[in-house]
Amino acid sequence: MISFRFWSCLLSIGVAFGCAAGTLDSAYRIVIPANGTPCHRTAADEFANWAEKVTGKRLSVVTDAGPLPEKAVVIGPTKYTQELLGDHAGETYPESAFRLKLNGGRLVISAGSDQAVLYGVYEVLRRYGKVEFYTPDISVAPAGDIVFPAGLDELVVPSIAYRDILCRRSFMDAAAAARFRFNGTHVGQKGNKDKRWGTETCALKWHKKFNHCHTFHAIASKKEFGKSHPEYFLKDTNGVPCVKHDKRPQLCLTNPDVVRLGKERLTAALKSSPDKKWFGISQEDTTRWCKCKDCAAIDGAEGGAAGTLCTYLNTMADEMAKVRPDAKLTTLAYHQTRNPPKSIKLRDNVLVGLCVTECDFSRPLVGNPNMGNKTFLDAITKWGKICGGVWIWDYCTDYDWFPMAMPDVGALAGNIKLFADNNVKYVYESGDGCPYSFFFDLKAYVISRLLWDANQPLEPLVDGFMKACYGPAADEVRSIFDLFEKHDYDRVALRMGYGVDATKTNFYPTALFEDAAKRWRKAAALVGNAAPYAEMIRRGRVGNDSVRLIRYCYSLACGETPAFDSPAYREEMLKVAKEFMDIENARVAAAKGPKGKKKAPWSWGWAMNGRACHYPLIKAFLEGKKMPKRVRGKWVKGSRLI
């Protein structure tokens with residue numbers, strides 16, 4: 001990636017060529033195409049609005065139907081853009097990339113897509129106006145001048161081409177997704193019907209049937225062919241079809257009819273969905289694989305099941321290139337196909353997906369002794385060399401209980417750098433929609449910045465977030481963050497995955513959450529009711545208290561004496577339980593329509609995994625009733641998953 005930081009070098013180049021720096025003043029005009037898109041207008045408005053917050057000067061927006069002003073910020077493909085770009089006229093831009101060029105008194109922001117034009121606007125505002133977006137609701141635009149450095153002429157290319165995160169309470173909004181420069185499938189799906197925030201909701205779109213995972217059934221399903229053509233599916237070593245064992249059985253990839261069906265159905269999908277760019281062909285979610293003579297011969301020579309998969313994928317990729325050269329074919333290196341083949345090299349239009357399910361998230365992949373991290377590191381480096389690119393499914397929250405401590409910010413920074421260095425094209429950070437998750441707003445901000453520029457240092461990002469979002473309590477909240485981030489435990493014996501049971505104390509003892517509770521209260525006292533700090537601190541405190549509460553209730557349910565117990569502590573836990581249930585009841589009510597039907601999709605609440613369903617236990621404690629029976633994470637009766 002091209003560096004962002006050598007301004008002194010740029011300045012010296014500018015002086016050498018006699019190109020003066022430009023200070024944004026009221027004489028500047030923002031120029032957009034007369035026949036431009038709604039997104040071009042949004043880009044102009046965003047520049048004008050945020051530049052006014054910084055400089056106090058409001059710039060007028062004009063179109064290229066008129067003469068080119070002497071001082072101008074030229075946004076998008078105006079009739080003047082190519083001439084102003086000079087030697088860079090007609091250049092092709094990588095995904096999300098843009099060029100910034102100062103030509104006399106005119107700053108040009110040029111890109112290959114509407115969204116990338118927006119990204120260029122935000123880059124200029126961030127670099128030269130110190131504008132920063134920390135959360136969708138918290139931003140900073142300090143008063144001052146906006147000065148474009150002399151000699152500015154730079155192609156800006158993000159470290160990761162496709163950047164995605166799951167945070168359904170924040171980045172589903174198109175404006176937030178644009179400002180944080182997320183462009184994946186899980187963001188920007190609200191507020192963009194008029195395309196104001198980009199020509200597409202997201203740059204990356206998978207086909208509905210040929211989607212990101214487990215799609216063999218899109219070629220041949222058990223329902224359609226299980227009885228009439230069982231030979232389409234996996235076979236044992238005697239060549240006997242094994243259709244009955246799985247709801248979605250694997251395919252026999254060497255069967256000529258399966259190859260024919262794959263070509264026909266993929267071609268039909270490519271032609272019928274010109275707006276979709278990515279098409280997935282990947283194995284079903286079972287551990288079985290075809291053992292027929294033909295499949296076994298390929299897999300034996302290639303060292304595993306990836307042999308038949310990659311052979312099949314190359315045939316499909318060649319067909320795709322004939323029909324849609326712009327499209328990409330994706331797959332999964334998963335379970336039996338995790339290890340790459342010995343000799344097969346995939347076509348350049350094939351992307352291989354890897355999921356970090358076996359990894360330890362407490363430290364970066366590189367240098368981590370955990371065996372899961374070693375195998376993943378081996379896989380990503382090998383696959384990255386034999387395909388058109390890798391895509392990553394990563395996790396950044398605890399799916400057992402979203403507010404549970406998962407201090408992985410340092411690991412995220414190291415891993416994203418690793419991804420960028422190993423041909424990774426797309427990173428999906430699987431988060432959640434709970435506002436009380438462990439420092440998730442900070443994680444989302446750091447992820448957005450590092451996916452864009454994986455080479456920047458982490459500490460200034462964390463420090464800037466703390467000051468902007470917690471104000472006078474920044475140091476106190478940082479101490480809570482460090483309390484968990486630096487806490488040591490047996491990292492050889494224990495693997496911090498994405499589903500650590502919040503009731504267990506082997507990772508983080510209850511005393512740690514009690515210490516954090518005192519610090520959250522101190523932080524709250526420091527800010528009072530000042531916005532936005534008070535709400536950010538309340539969220540952190542509620543999340544931490546929820547872990548304290550479920551541990552207390554779990555001990556009572558198991559007939560044990562809680563680690564912290566006294567009449568005063570019990571009263572505090574009752575208050576916490578009431579607050580928790582008030583929040584939960586309001587959330588459930590908001591997710592229902594007038595007739596009680598759910599109107600808000602993906603309403604996970606506080607957890608996704610069933611074993612973390614602590615609601616009945618908390619409710620019983622609050623109401624003074626007998627605790628429900630619970631056996632090692634599973635409710636015997638009364639369980640429910642919101």
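The set of residues in the stretch 211-266 that are basic (Lys, Arg) and open to solvent by less than 50 Å² (accessible area, probe 1.4 Å) contains only LYS235.
Only one of LEU329, LEU313, LEU351 is within 20 Å of HIS212 (Cβ to Cβ) and part of a helix (DSSP H, G or I). Can you tell me which?
Numbers: LEU329 fails: part of a helix (DSSP H, G or I); LEU351 fails: part of a helix (DSSP H, G or I).
That would be LEU313, the only listed residue that is within 20 Å of HIS212 (Cβ to Cβ) and part of a helix (DSSP H, G or I).
Here is the figure for the stretch 374-400: residues that are modelled with pLDDT of 90 or more and charged (D, E, K, R) total 4.
The C-beta contact set for the stretch 295-320 (first residue under 16 Å from CYS387 (Cα atoms), second residue among the aliphatic types (A, V, I, L, M) and open to solvent by 40 Å² or more (accessible area, probe 1.4 Å), distance under 7 angstrom, 6+ apart or interchain) comprises GLY307/ILE298; GLY307/ALA301; THR308/ILE298; THR311/ILE298.
Yes or no, residue by residue, for (1) modelled with pLDDT of 85 or more; (2) surrounded by fewer than 16 Cβ atoms within 10 Å (Cβ to Cβ):
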{"position": "PRO567", "(1), (2)": "yes, yes"}
{"position": "GLU572", "(1), (2)": "yes, no"}
{"position": "PHE580", "(1), (2)": "yes, no"}
{"position": "ALA586", "(1), (2)": "no, yes"}
{"position": "LYS599", "(1), (2)": "no, yes"}
{"position": "TRP606", "(1), (2)": "no, no"}
{"position": "ASN609", "(1), (2)": "no, no"}
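Looking across the stretch 267-286, the residues that are open to solvent by less than 70 Å² (accessible area, probe 1.4 Å), more than 15 Å from PHE233 (Cβ to Cβ) and of a type in the set (S, T, N, Q) come down to THR267, SER273, SER282. The set of residues from the stretch 58-79 being outside any strand (DSSP E or B) and either modelled with pLDDT under 95 or of a type in the set (Val, Ile, Thr) (or both) comprises just one member, THR78. Put simply, of TYR489, TYR508, TYR498 the only residue that is surrounded by fewer than 19 Cβ atoms within 10 Å (Cβ to Cβ) and of a type in the set (Phe, Trp, Tyr) is TYR489. Of all residues in the stretch 80-101, those being open to solvent by less than 60 Å² (accessible area, probe 1.4 Å), acidic (Asp, Glu) and at pLDDT 95 or above number 1.
Of everything in the stretch 102-130 that is over 19 Å from LEU59 (Cα atoms) and surrounded by 22 or more Cβ atoms within 10 Å (Cβ to Cβ), the residue that is farthest from the chain's Cα centre (by Cα) is SER110.
On the stretch given as the stretch 393-414, residues that are buried (at least 24 other Cβ atoms within 10 Å of the Cβ) and not in a loop (DSSP other than H, G, I, E, B) total 1. Of all residues in the stretch 350-376, those satisfying the criterion of being buried (at least 19 other Cβ atoms within 10 Å of the Cβ), farther than 18 Å from GLY304 by Cβ and in contact (Cβ under 8 Å) with a residue 24 or more places away in the chain are LEU351, VAL356, CYS359, ASP360, PHE361, SER362, ARG363, PRO364, LEU365, ASN370.
The values are calculated or read from the model by the stated rules, or taken from the named source; none is laboratory data. Here the structure is a predicted model, which is why all the values come from computation and not from measurement. Virtual Cβ from ideal backbone geometry, glycine too; neighbours counted across all protein chains shown. Accessible surface areas use protein heavy atoms only, side chains included; no ligands, DNA or RNA. Shrake-Rupley method; radii C 1.70, N 1.55, O 1.52, S 1.80 Å.
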